[in-house]
Amino acid sequence: MEKRFYITTAIAYINSPPHIGFAYEVIGADIMARFQKMQGKEVFFLTGSDEHSFNVYKKAQEAGLTPHEYCDKMVERYKRIWQLLGIDYDRFIRTSSEKHKKVVYQLMDKLLQTDFVYRGKYSGWYCISCEGFYREKELKDGLCPIHGREPEWVEEENYFFALSRFEDFLKSHIKDHPEFIQPEERRNEVLGILNSGLQDISISRRGKGWGIPFPGTKEEIVYVWVDALINYISGLGDNFPDFWPADFHVIGKDIIRFHCIIWPALLKTLQLPLPRRIFSHGFINLKGEKISSTRGNILQPEELLKEYPADALRFYLFREIPFGQDGDFSLEGLKERYNQELANDWGNFVRRIEVMTDKYFASTIPSPSKLSPLEQELTSFSKEIWRNASSYMEEFHFSLALQETWKLIKRANQYIEESSPWNLHKTNDKERLSTVIYTALELIRKIALLLFPFIPFSCARVLEDLGVKKQLNWQEAGEWNKLPPGKKITLSPPLFAKK
Ligand code: ME8
């Protein structure tokens, strides 16, 4: 088994604070990174900021700051929110950092030495929100199909990259590596783009003093998308080339042509291995419309976190929306899932069992005796849940993994009703009572491990209550009898206060 695992998110344009749409992507990557770590992998998780965009430059000017000063402030804000949301990244790469700029410059220099780069004249439409070029037929009623804003007409002489020469290469790479672009719908979309023919792209732009100088030019800067894509290499620092290629680039569906066409073509030209997999998630919408700073319909995690714990947000997004598809964010939905599933189904179960352990066994883990058919059935049921959840996790089917885990939580609650420890206590059936409470504590341990990648704050507390060691292990979520009888547990307040 490959021991290393490298996962990245897109790097955001930081002309506005992170909205829930981008947070969704970063949480998704965090869930995968945590899951892989629990499997004993050496994980490198990269996120960061895409700073050389014109919108960033404009925002800084409006704020009366230099772009650097403006970006420093925004980056602090991003990092603070990621911390609040429990994003356990290894490095935050900034494209304005000297290290990144150096790598970009070197790679551009190398690219210039190939026969895939030539001088040419560009004229066409450009959307500054996408920082992308559009053909006339790609516009929607003359507007950018993603941002709905009017594109600029641009005419410039600059360097071109011969992207059109990569059609066959990309088609056969996608055919030979069906896992390369996920989900399948996006793979088909990329194949569609390839079938309709590629055009060469310009990779240098007339600079406005904010960008990475293009080697050998006086006034040109590296096209911001080429600059940004290289973060996946520069962000590794000394871990390049050991961690390259990336196991997963996690991105939104609006930027697949940059990641699935331009990036692999650049890498191929630079004689570097291609990323193993690119996973594209869908959009978070508000009342059916994509949340975006350009559209101004923003929902900020900062606001939501005043009302709900980070775990609630993390849970809601991934329980509600299959990663890969679009989904609507609703405050009612968040509240309902929080109250019903987190507070009632899961939080109450934990609380009840901890209280009973305290009451019946002075908070000491009891010793189980002979398992009844009820516990035997529960053992095999939970093994099956673990197996299913494991394969769903590998494939980014997070909502299905949670669905499985919820089956176990429901079953666990049912088990307590069926075996009614309070009656066993009344009739002084110590043997049965020990077995039931031990089984219930084991269920908590297993479920908390299954849920840890999703709701790490509360699960860390539960596992700590049970004395589970810090080095969390996914395998152990599939095993029984891990809790040592005789050890004390901690009785904590309820996990989730009802709203
Ligand atoms: O595209 N729902 O930056 P960005 C889900 N800088 N995901 C969303 C979303 C929504 N409503 N809105 C945005 C860029 N995203 C470039 C990336 S990578 C080398 C350079 C996602 O700030 C979007 O799809 O516009 C992208 O993956 C990420 O947020 C950053 O978007």
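The values are calculated or read from the model by the stated rules, or taken from the named source; none is laboratory data. Computed from a predicted model, the values in this text were never measured in an experiment. So basically every Cβ, Gly included, is an ideal-geometry build from the backbone, and we count neighbours across all protein chains shown.
For residues that are surrounded by fewer than 17 Cβ atoms within 10 Å (Cβ to Cβ) and touching a residue at least 24 places away in the same chain (Cβ under 8 Å), scanning just segment 303-315, find the one that is farthest from Glu184 (Cα to Cα).
So the first thing to find is which residues in segment 303-315 are surrounded by fewer than 17 Cβ atoms within 10 Å (Cβ to Cβ), and the list is 303, 305-307.
Subset that is touching a residue at least 24 places away in the same chain (Cβ under 8 Å): 305, 307.
On the way: Leu305: 34, Glu307: 37 Å.
Only one residue fits best here, namely Glu307.
Within segment 216-232, track down each residue that is within 26 Å of Leu170 (Cβ to Cβ) and either polar (S, T, N, Q) or more than 15 Å from the ligand (Cβ to nearest atom) (or both).
Step one: list which residues in segment 216-232 are within 26 Å of Leu170 (Cβ to Cβ), which gives 222-232.
If the condition is that a residue be within 26 Å of Leu170 (Cβ to Cβ) and either polar (S, T, N, Q) or more than 15 Å from the ligand (Cβ to nearest atom) (or both), then Asn231 is the only one that fits.
Would you list the helices (runs of 4 or more DSSP H) that sit entirely within segment 368-427 and hold 2 or more residues that are in contact with a strand residue (DSSP E or B) (Cβ under 8 Å, 6 or more places away or on another chain)? Before the answer, list the steps.
On the way: elements: 373-394, 398-419, 421-426.
The helices (runs of 4 or more DSSP H) meeting that bar are 398-419.
Considering each residue of segment 8-30, count those that are near the ligand (Cβ under 8 Å from one of its atoms), touching a Gly at 6+ places or on another chain (Cβ under 9 Å) and either part of a strand (DSSP E or B) or more than 26 Å from Leu472 (Cβ to Cβ) (or both), and give that number.
Qualifying residue count, segment 8-30: 6.
Looking at Glu136, Glu150, can you tell me which residue is away from the ligand (no atom under 16 Å from the Cβ), more than 23 Å from Val222 (Cα to Cα) and more than 33 Å from the chain's Cα centre (by Cα)?
On the way: Glu150 fails: more than 33 Å from the chain's Cα centre (by Cα).
Among Glu136, Glu150, only Glu136 is away from the ligand (no atom under 16 Å from the Cβ), more than 23 Å from Val222 (Cα to Cα) and more than 33 Å from the chain's Cα centre (by Cα).
Take Gly124 and decide whether it is surrounded by 13 or more Cβ atoms within 10 Å (Cβ to Cβ), under 24 Å from Val56 (Cα atoms), in the same structural domain as Lys58 (by TED's automatic domain parsing) and under 31 Å from the mean Cα position of the chain (by Cα). Talk me through it step by step, then tell me what you get.
Details: surrounded by 13 or more Cβ atoms within 10 Å (Cβ to Cβ): yes; under 24 Å from Val56 (Cα atoms): yes; in the same structural domain as Lys58 (by TED's automatic domain parsing): yes; under 31 Å from the mean Cα position of the chain (by Cα): no.
Here the answer is no, as Gly124 does not meet what is asked.
Can you say whether Ile256 is within 8 Å of the ligand (Cβ to nearest atom), of a type in the set (A, V, I, L, M) and in the same structural domain as Asn188 (by TED's automatic domain parsing), as far as the supplied structure shows? Before you say what the answer is, go through the steps one by one.
Working: within 8 Å of the ligand (Cβ to nearest atom): no; of a type in the set (A, V, I, L, M): yes; in the same structural domain as Asn188 (by TED's automatic domain parsing): yes.
The answer is no for Ile256.
Results for (1) touching a residue at least 60 places away in the same chain (Cβ under 8 Å); (2) more than 16 Å from the ligand (Cβ to nearest atom), shown as yes or no for each residue.
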| site | (1), (2) |
| --- | --- |
| Met32 | yes, no |
| Phe35 | yes, yes |
| Gln83 | no, yes |
| Gly86 | yes, yes |
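Yes or no: Lys137 assigned by TED's automatic domain parsing to the domain that holds Pro215 and within 19 Å of Leu229 (Cα to Cα)? Spell out how you get there, then give the answer.
Working: assigned by TED's automatic domain parsing to the domain that holds Pro215: yes; within 19 Å of Leu229 (Cα to Cα): no.
Here the answer is no, as Lys137 does not meet what is asked.
Is segment 87-103 home to any residue that is under 28 Å from Phe315 (Cβ atoms), at pLDDT 95 or above and assigned to a helix (DSSP H, G or I)?
So far as segment 87-103 goes, no, none of its residues is under 28 Å from Phe315 (Cβ atoms), at pLDDT 95 or above and assigned to a helix (DSSP H, G or I).
Residues that are more than 16 Å from the ligand (Cβ to nearest atom), surrounded by 20 or more Cβ atoms within 10 Å (Cβ to Cβ) and hydrophobic (A, V, I, L, M, F, W, C): does segment 316-325 have at least one?
No: segment 316-325 contains no residue that is more than 16 Å from the ligand (Cβ to nearest atom), surrounded by 20 or more Cβ atoms within 10 Å (Cβ to Cβ) and hydrophobic (A, V, I, L, M, F, W, C).
Inspect all residues belonging to segment 57-67 and state whether any of them is surrounded by fewer than 22 Cβ atoms within 10 Å (Cβ to Cβ) and closer than 25 Å to Leu304 by Cα.
Within segment 57-67 (the criterion being surrounded by fewer than 22 Cβ atoms within 10 Å (Cβ to Cβ) and closer than 25 Å to Leu304 by Cα), the answer is yes, since at least one residue qualifies.
Take the residues in segment 273-289 that are within 9 Å of the ligand (Cβ to nearest atom) and within 18 Å of the chain's Cα centre (by Cα); name whichever of them is farthest from Val26 (Cα to Cα).
Top of the filtered list is Asn285.
Any idea which of (1) part of a helix (DSSP H, G or I); (2) away from the ligand (no atom under 16 Å from the Cβ) is the one Phe5 doesn't satisfy?
Failing condition for Phe5: (1).
Could you list, in sequence order, all residues of segment 460-487 that are assigned to a helix (DSSP H, G or I) and in contact (Cβ under 8 Å) with a residue 60 or more places away in the chain?
From segment 460-487, those assigned to a helix (DSSP H, G or I) are 460-465, 474-478; that's our starting set.
Across segment 460-487, the qualifying residues are Val462, Asp465, Trp474, Gln475, Ala477, Gly478.
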